[in-house]
Structures are given as structure tokens and as C-alpha cells.
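> Take a look at the following structure, please.
The values are calculated or read from the model by the stated rules, or taken from the named source; none is laboratory data. Predicted model only: the values in this text are computed from it and were never measured. Every residue, glycine among them, receives a Cβ derived from its backbone with ideal geometry; neighbour counts consider all protein chains shown.
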Amino acid sequence: MRILMLGDARTEHLARWARHFRKRGDLVLVASAEGGPADVHFKLPVRWQALGYPMLTATLKRLVTEWRPDIIVAHYLPNYGLLAVLSKFKPTVAVGWGSDLLVLPHRNFLQRSRLHYVATHASAFLVDAQMLVEPLVTLGAPVEHVYVCPFGTDDDVFELTPTRTTHEPLTILSTRRLDRRYRVDILIEALTHVTTPCNALIANDGTHKIELQSQAARLNLTDRITFPGSLDRPGYLHNLQQAHIYVSTSPTDSTSVSLLEAMAAGLACVVPDIPGNREWLTHEKDGLLYRSLDPRDLAAKLESLLHNPEHATRLGARARHVVQARGRWGLTIRRAELLFDQLVNTQPCPAS
């Protein structure tokens, strides 16, 4: 199968999709306007990207004519999804990543109009959580064309041998991007209300990093919080091995790969009580849920685990079982494979 994959090539999500289908034996051409390891680099013709992507339609049509894909897979609906459906190529699969359906429809009329156009013109849709089906259908997508395909966990996480111990201050790990929308400041504020000794590792990088470091210094938490920056895969896995508790503070999420990886590594997960997280965790059964954006409630949940490390270990073991059963990448991506095969084998796909 010849797959033309559109998306932001700087992201690991897109890279995983491309690697998987190439390993399966498909020919994959990655096209991107943001840079990164793409095979084709589009040049956005205007500075305002909301207009730039539609203006790439003629460029995409030429690429389709030259390369003759069997299917287009467009990641993120309002930019590459829109570009793909404007090309009028069939079949086109639009892949939702969460924020494009949870945040953008409420931002302004333009974004909602773009999403509506994609929802009513793509051949099929893949979303990474059940809770994204309703927003997509509300935008106009036929429910029978929407398929749930979580961005699952790679096997290397399951192969980890935990090196954590409960006989020392427990380590709290946060791995989300240090951008404002992930609200990592909530974790830092929560730590001011935690009296039990612990260490916090706030990994990753982002535009909000300096502000977060300043916040930690202002609250006299520099002896408890470490900011190691962006980690390569071995460094990231090493921290999953050694940490005890995983924390997310993002107020909006569908299926978070960071959460699934923490669960697979056997960490006790403490995350906001929002629909995307409830699809994977049940409070006090295989994780803890706290009131979103409430640092005091987060602190209380952390204290309960820091006082009872054995409970944290039990929650982590149960969480690992959940992901083993239904969150492995090899299992979840199979749904996309079946959909692509079905679309290609039942629809003629001439370049248009």
C-alpha cells in the first residue's frame, strides 16, 4: 500500500505511525510544513497558518499526481485534515489528536467551520479515545465512519525492570510538555502543600519552562524539584524505571500516551478527573483522580500515596495490567491497519 501521510513531522506521534507502516511493508511518504524528518517539506505561503494550509491544496494535488498514493492519512483535523479533503482525493482518513476536537471548536467560528468541513468530507476518521467520538459527530461526521484507535504504548516500556525502592523519599514524575496549556504550574503549587519528603522530576521542555523554574524558586522548592529538560528515549525509560508516582496536570486530554507509558511502567498515576483519563483509570482501583486544576486536591492525593508506598505499588501493578490488556501499540494500531486495508480495497483511488 502507498500511504501519503500528512502532519507535523516534528512530533513523535507522526514518526511512530510512519515507522509502523513502513515496518509492515507499506510505502509511506511523509509530507509536512513544520520541518522535522519529512520526505516532502511544504512551504506555507503565508505567515498566518490558518490560511496557509488551504493555500497548499494545489501543491498537494501535484504531489498526489506524481506519487499516486492509495490513501491519504492526515493527522490533526483543522490543518492537514482540511488540506487533505480540499484536494478531493479519496480515500482520505483524518486522524484527531484530542485538542483539535476538545479545544479548537470552542475557540472561534473559523476553527469550528474548518472542522465542520473536514467532518463532512473525509472518508473516515480515527480518534484516540471514545470520548472524542461525540464531539466529532456533533461537527457533522457520520458516526459509522468514526473509529477509535488509541495511540498505544510501545513494547520497550513493558520490558523495563523497575529499579524503584520504597525505602527512600518517593519520586514524582511529570513528563508533559512545559507549555502553558499543560498547566504544570499546578503540580509545583501542589508541592507546597505536601509535607511528606519526596522528590519531583519535571522532565521535558517547552515555552513555559523558565516561568516554571522561577515559580519553583519563588516557592523555595528547588531542593525538591529537578528540571532535566527534554529526554532521549533511553533517558526517559530510565526515569520511568526509577520513579514511583506519575502526575499529569493537563486539564484537557483524550488518550495520553504519557499516561499509558507510566501505567505500563507500573507507576501509581495521579491525574485530573476528566473523561479521557477515566477511560483508562478507575479511582482507587488502578490510579487516583483529582479535581482538575485544584492543587490542594492533587496534594492530598499525593500525600495519601507518599504515606502508603505499598498502596502506590498496588495501584501501579493494576494500572500495568490495564495497559497490557488493551493499550499496547501493536494492538491498537491494528484498528488503523484494518481500516486502511478496507478503504483501499473497496474504493478506487485515482489521483484528482
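Residue-by-condition table, conditions (1) within 26 Å of R314 (Cβ to Cβ); (2) among the hydrophobic types (A, V, I, L, M, F, W, C); (3) in contact with a His (Cβ under 6 Å, 6 or more places away or on another chain):
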residue	(1), (2), (3)
E159	yes, no, no
P162	yes, no, no
T165	yes, no, no
L173	yes, yes, no
R176	yes, no, no
R183	no, no, no
G206	no, no, no
Q215	no, no, no
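> Consider L14 carefully, then state whether it is crowded, with 23+ Cβ neighbours inside 10 Å, closer than 26 Å to L136 by Cα, of a type in the set (A, V, I, L, M) and more than 25 Å from the chain's Cα centre (by Cα).
On the way: crowded, with 23+ Cβ neighbours inside 10 Å: yes; closer than 26 Å to L136 by Cα: yes; of a type in the set (A, V, I, L, M): yes; more than 25 Å from the chain's Cα centre (by Cα): no.
So L14 fails the test.
> Would you check which residues across the stretch 289-298 are surrounded by 23 or more Cβ atoms within 10 Å (Cβ to Cβ) and in contact (Cβ under 8 Å) with a residue 60 or more places away in the chain and list them? First the steps, then the outcome.
Narrowing the stretch 289-298 to residues surrounded by 23 or more Cβ atoms within 10 Å (Cβ to Cβ): 290, 298.
Once the filter is applied, which keeps residues that are surrounded by 23 or more Cβ atoms within 10 Å (Cβ to Cβ) and in contact (Cβ under 8 Å) with a residue 60 or more places away in the chain, the stretch 289-298 yields only L298.
> Next question. Is it true that L56 is touching a helix residue (DSSP H, G or I) at 6+ places or on another chain (Cβ under 6 Å), more than 30 Å from V257 (Cα to Cα) and in the same structural domain as L102 (by TED's automatic domain parsing)?
Details: touching a helix residue (DSSP H, G or I) at 6+ places or on another chain (Cβ under 6 Å): yes; more than 30 Å from V257 (Cα to Cα): yes; in the same structural domain as L102 (by TED's automatic domain parsing): yes.
When the stated conditions are applied, L56 passes them.
> For the stretch 305-315, does any single residue satisfy the condition of being assigned by TED's automatic domain parsing to the domain that holds A203, more than 23 Å from D179 (Cβ to Cβ), without any contact (Cβ under 8 Å) to a residue 60 or more places away in the chain and touching a strand residue (DSSP E or B) at 6+ places or on another chain (Cβ under 7 Å)?
Just the residues of the stretch 305-315 that are assigned by TED's automatic domain parsing to the domain that holds A203, to begin with: 305-315.
Then drop every residue that is not more than 23 Å from D179 (Cβ to Cβ), which leaves 305-315.
Now restrict to residues that are without any contact (Cβ under 8 Å) to a residue 60 or more places away in the chain: 308, 311, 314-315.
The next check asks that each one be touching a strand residue (DSSP E or B) at 6+ places or on another chain (Cβ under 7 Å); those that pass are 315.
Taking every residue of the stretch 305-315 in turn, at least one turns out to be assigned by TED's automatic domain parsing to the domain that holds A203, more than 23 Å from D179 (Cβ to Cβ), without any contact (Cβ under 8 Å) to a residue 60 or more places away in the chain and touching a strand residue (DSSP E or B) at 6+ places or on another chain (Cβ under 7 Å).
> Do you know which residues across the stretch 195-211 are assigned to a helix (DSSP H, G or I) and over 22 Å from the mean Cα position of the chain (by Cα)? Working first, answer last.
Restricting attention to the stretch 195-211, the residues satisfying the condition of being assigned to a helix (DSSP H, G or I) are 209-211.
Scanning the stretch 195-211 gives I210, E211.
> Of all residues being closer than 17 Å to L173 by Cα and not hydrophobic (A, V, I, L, M, F, W, C) in the stretch 212-228, which is surrounded by the most Cβ atoms within 10 Å (Cβ to Cβ)? Just the residue, please.
Residues of the stretch 212-228 closer than 17 Å to L173 by Cα: 212-213, 216, 221-228.
Those still in the list that are not hydrophobic (A, V, I, L, M, F, W, C) too: 213, 222-224, 226, 228.
Working: Q213: 16, T222: 12, D223: 8, R224: 18, T226: 14, P228: 13.
Checked the stretch 212-228; the qualifying residue surrounded by the most Cβ atoms within 10 Å (Cβ to Cβ) is R224.
> Any idea which residue in the stretch 257-288 is nearest to Q324 (Cα to Cα), counting only those that are touching a residue at least 60 places away in the same chain (Cβ under 8 Å) and among the small types (G, A, S)?
Selected residue: A264.
> Can you tell me which residues in the stretch 105-148 are hydrophobic (A, V, I, L, M, F, W, C), outside any loop (DSSP other than H, G, I, E, B) and free of Cβ contacts under 8 Å to residues at least 24 places away in the same chain? Reasoning before the result, please.
Pass one, the stretch 105-148, residues hydrophobic (A, V, I, L, M, F, W, C): 109-110, 115, 118-119, 122, 124-127, 129, 131-133, 136-137, 139, 141, 143, 146, 148.
Of the ones still in play, those that are also outside any loop (DSSP other than H, G, I, E, B) are 109-110, 115, 118-119, 124-127, 131-133, 136-137, 143, 146, 148.
Answer for the stretch 105-148, where residues must be hydrophobic (A, V, I, L, M, F, W, C), outside any loop (DSSP other than H, G, I, E, B) and free of Cβ contacts under 8 Å to residues at least 24 places away in the same chain: F109, V133, V137, V143, V146.
> Something else about it: Do the conditions hold for S250, that is, is it in a helix (DSSP H, G or I) and of a type in the set (S, T, Y)?
Values: in a helix (DSSP H, G or I): no; of a type in the set (S, T, Y): yes.
No; evaluated as a whole, the condition is false for this residue.
> Scan L302, L331, L293, L338 and give me the residue that is out of contact with any His (no Cβ under 6 Å at 6 or more places or on another chain), among the hydrophobic types (A, V, I, L, M, F, W, C) and under 23 Å from L170 (Cβ atoms).
On the way: L331 fails: under 23 Å from L170 (Cβ atoms); L293 fails: under 23 Å from L170 (Cβ atoms); L338 fails: under 23 Å from L170 (Cβ atoms).
Testing whether each residue is out of contact with any His (no Cβ under 6 Å at 6 or more places or on another chain), among the hydrophobic types (A, V, I, L, M, F, W, C) and under 23 Å from L170 (Cβ atoms) leaves just L302.
> Still on this structure: Restricting attention to the stretch 156-183, report how many residues are assigned to a loop (DSSP other than H, G, I, E, B) and of a type in the set (A, V, I, L, M). Walk me through how you get there before you give the answer.
Kept after step one, since they are assigned to a loop (DSSP other than H, G, I, E, B), are these residues of the stretch 156-183: 159-169, 175-179, 183.
Cutting the leftovers down to of a type in the set (A, V, I, L, M) gives us 160, 178.
Residues that pass the stated criteria total 2.
> Inspect all residues belonging to the stretch 69-79 and state whether any of them is touching a Lys or Arg at 6+ places or on another chain (Cβ under 7 Å), at pLDDT 95 or above and crowded, with 16+ Cβ neighbours inside 10 Å. Reasoning before the result, please.
Going through the stretch 69-79, the residues touching a Lys or Arg at 6+ places or on another chain (Cβ under 7 Å) turn out to be 69-70, 78.
From the residues that got through so far, the ones that are at pLDDT 95 or above too are 69-70.
Of the ones still in play, those that are also crowded, with 16+ Cβ neighbours inside 10 Å are 69-70.
Looking through the stretch 69-79, at least one residue is touching a Lys or Arg at 6+ places or on another chain (Cβ under 7 Å), at pLDDT 95 or above and crowded, with 16+ Cβ neighbours inside 10 Å.
> Something else: Which one of these is outside any helix (DSSP H, G or I), on the phi > 0 side of the Ramachandran plot and not assigned by TED's automatic domain parsing to the domain that holds S99: L281, L293? Break it down stepwise before answering.
On the way: L281 fails: on the phi > 0 side of the Ramachandran plot.
After ruling out the rest, the residue left standing is L293.
> Can you give me the ranges of the helices (runs of 4 or more DSSP H) entirely in the stretch 1-104 with at least 1 residues that are at positive phi and touching a residue at least 24 places away in the same chain (Cβ under 8 Å)?
none
> Hey, among L160, L170, which residue is in the same structural domain as S250 (by TED's automatic domain parsing) and under 18 Å from S258 (Cβ atoms)?
Working: L170 fails: under 18 Å from S258 (Cβ atoms).
Among L160, L170, only L160 is in the same structural domain as S250 (by TED's automatic domain parsing) and under 18 Å from S258 (Cβ atoms).
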